[in-house]
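Notes for the one structure printed next.
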Amino acid sequence: MSTINKEEIQKFSKLAEEWWDVKGKFKPLHMFNPIRIEYIKEKIGQHFNKKKSKNFSLRDLDILDIGCGGGLISEPLARLGGSVTGIDASEKNIKVAKIHAKSNNLNICYLNKSPEQMDSKEKFDIILNLEIIEHVENVDLYIESCSKLLKKNGIMFTATINRSLTSYIKAIIGAEYILRWLPIGTHDWNKFLKPEELEKCLAEKSFKTIDVTGLEFIPFFNKWKRTSNLSVNYIICSTKI
């Protein structure tokens with residue numbers, strides 16, 4: 001069995017050259033990045049008892065970024081001192097990520113793999129599943145593969161989109177057809193997971209939910225904020241028990 005959906009991989013491979021164009025097809029992710037990184041740093045700090053400071057460091061922590069794309073999250077975490085491995089099923093994405101990391105003198109291990117293809121003997125303190133689970137072929141296998149790769153008491157971040165009427169209006173009609181933030185067909189609403197469905201899947205694979213937070217775009221300020229509203233974008237922080 002595989003978690004790779006070939007149609008989804010081809011879709012993102014065609015856009016690979018645009019990963020680092022802040023005004024290009026991935027502009028929404030560039031806008032999304034600050035709030036995601038802020039949340040990830042906060043939860044890592046709490047979980048691993050790292051003090052808040054200007055010198056916040058991820059040193060001594062092994063991080064796996066699944067579906068890393070061009071490295072939009074891998075690079076900031078590497079700059080914070082984390083030992084980062086980024087994997088992606090798209091060979092083109094990995095090539096772009098490697099070139100960009102090298103040009104910025106960042107030591108990141110990029111691999112053209114899906115999680116079930118990784119050696120389960122290699123364990124990570126932190127796993128990132130950011131806007132990827134709605135694109136995989138087999139969610140159960142995907143989460144099971146993540147569980148095998150995460151150290152006991154390690155933490156995982158799973159960010160995705162709720163399957164709701166609001167998400168259909170905002171994430172599909174709004175983002176793809178009206179605002180043209182994303183190419184039409186980027187998302188399949190039927191593949192979105194409700195928070196309770198995802199929490200159930202995680203619990204069945206030995207994960208305990210630590211926190212669930214909504215992420216909402218505020219047009220007036222042209223930026224994202226955290227919210228208790230889970231109707232569209234949300235992120236679950238969980239630990240392996």
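The number of residues in region 170-196 that are touching a residue at least 40 places away in the same chain (Cβ under 8 Å), assigned to a helix (DSSP H, G or I) and not small (G, A, S) comes to 3. Applying the set (1) at pLDDT 90 or above; (2) touching a Lys or Arg at 6+ places or on another chain (Cβ under 6 Å); (3) more than 15 Å from N233 (Cα to Cα) to S120 leaves exactly one unmet item: (1). The C-beta contact set for region 206-230 (first residue at positive phi, second residue polar (S, T, N, Q) and not in a strand (DSSP E or B), distance under 9 angstrom, 6+ apart or interchain) comprises S206/S147.
Of all residues in region 142-169, those that are on the phi > 0 side of the Ramachandran plot and outside any helix (DSSP H, G or I) have Cβ atoms under 7 Å from Cβ atoms of residues that are modelled with pLDDT of 95 or more and among the polar types (S, T, N, Q), 6 or more apart or on another chain, in N153/T239. Quickly run through region 111-134 and pick out the residues that are surrounded by 18 or more Cβ atoms within 10 Å (Cβ to Cβ) and among the charged types (D, E, K, R). Matches in region 111-134: E116, D125, E131, E134.
The residues in region 215-238 that are buried (at least 19 other Cβ atoms within 10 Å of the Cβ) and assigned to a strand (DSSP E or B) can be counted, and the count is 9.
Please work out which residue is surrounded by the most Cβ atoms within 10 Å (Cβ to Cβ), limiting yourself to region 176-214 and to residues that are of a type in the set (K, R) and out of contact with any helix residue (DSSP H, G or I) (no Cβ under 7 Å at 6 or more places or on another chain). I'd like the intermediate steps shown before the answer.
Our first condition is that a residue be of a type in the set (K, R); within region 176-214, this holds for 180, 191, 194, 200, 205, 208.
Subsequent filtering for residues that are out of contact with any helix residue (DSSP H, G or I) (no Cβ under 7 Å at 6 or more places or on another chain) retains 180, 194, 200, 208.
Details: R180: 11, K194: 15, K200: 11, K208: 11.
My answer is K194.
Given the criteria in contact with a Leu (Cβ under 9 Å, 6 or more places away or on another chain), more than 21 Å from L61 (Cα to Cα), hydrophobic (A, V, I, L, M, F, W, C) and touching a residue at least 40 places away in the same chain (Cβ under 8 Å), does I133 qualify?
Values: in contact with a Leu (Cβ under 9 Å, 6 or more places away or on another chain): yes; more than 21 Å from L61 (Cα to Cα): yes; hydrophobic (A, V, I, L, M, F, W, C): yes; touching a residue at least 40 places away in the same chain (Cβ under 8 Å): yes.
When the stated conditions are applied, I133 passes them.
Determine, yes or no, whether S145 is closer than 29 Å to S120 by Cβ, among the small types (G, A, S) and surrounded by 19 or more Cβ atoms within 10 Å (Cβ to Cβ).
Values: closer than 29 Å to S120 by Cβ: yes; among the small types (G, A, S): yes; surrounded by 19 or more Cβ atoms within 10 Å (Cβ to Cβ): yes.
Yes; evaluated as a whole, the condition is true for this residue.
Test L77 against the criterion of being modelled with pLDDT of 95 or more, among the aliphatic types (A, V, I, L, M), out of contact with any Leu (no Cβ under 8 Å at 6 or more places or on another chain) and closer than 26 Å to N162 by Cβ, and give yes or no. It is false that L77 is modelled with pLDDT of 95 or more, among the aliphatic types (A, V, I, L, M), out of contact with any Leu (no Cβ under 8 Å at 6 or more places or on another chain) and closer than 26 Å to N162 by Cβ.
Give me the residue from region 144-181 that is under 30 Å from H47 (Cβ atoms) and of a type in the set (S, T, N, Q) and, out of that set, modelled with the lowest pLDDT. Steps first, please.
To start, the set of residues in region 144-181 that are under 30 Å from H47 (Cβ atoms) comprises 144-164, 167, 171.
Checking which are of a type in the set (S, T, N, Q) leaves us with 145, 147, 153, 158, 160, 162, 164, 167.
On the way: S145: 96, S147: 96, N153: 91, T158: 97, T160: 95, N162: 95, S164: 91, S167: 82.
Among residues in region 144-181 that are under 30 Å from H47 (Cβ atoms) and of a type in the set (S, T, N, Q), the one modelled with the lowest pLDDT is S167.
I'd like the full set of residues that are part of a strand (DSSP E or B), without any contact (Cβ under 8 Å) to a residue 60 or more places away in the chain and crowded, with 24+ Cβ neighbours inside 10 Å, limited to region 58-100.
Initial filter on region 58-100 (part of a strand (DSSP E or B)): 62-66, 83-87.
Adding the requirement that they be without any contact (Cβ under 8 Å) to a residue 60 or more places away in the chain leaves 83-87.
Hits for region 58-100 are V84, G86.
Within region 1-52, the set of residues being at pLDDT below 75 and farther than 22 Å from S145 by Cβ comprises K14, L15, A16, K51, K52.
Annotation for region 19-31: no member residue is over 19 Å from H135 (Cβ atoms), in contact with a strand residue (DSSP E or B) (Cβ under 8 Å, 6 or more places away or on another chain) and buried (at least 22 other Cβ atoms within 10 Å of the Cβ).
The values are calculated or read from the model by the stated rules, or taken from the named source; none is laboratory data. Fair warning: this is a prediction, and the values are worked out from it, not measured in the lab. Quick reminder, even Gly has a Cβ in these numbers, built from the backbone with ideal geometry, and neighbours come from all protein chains shown.
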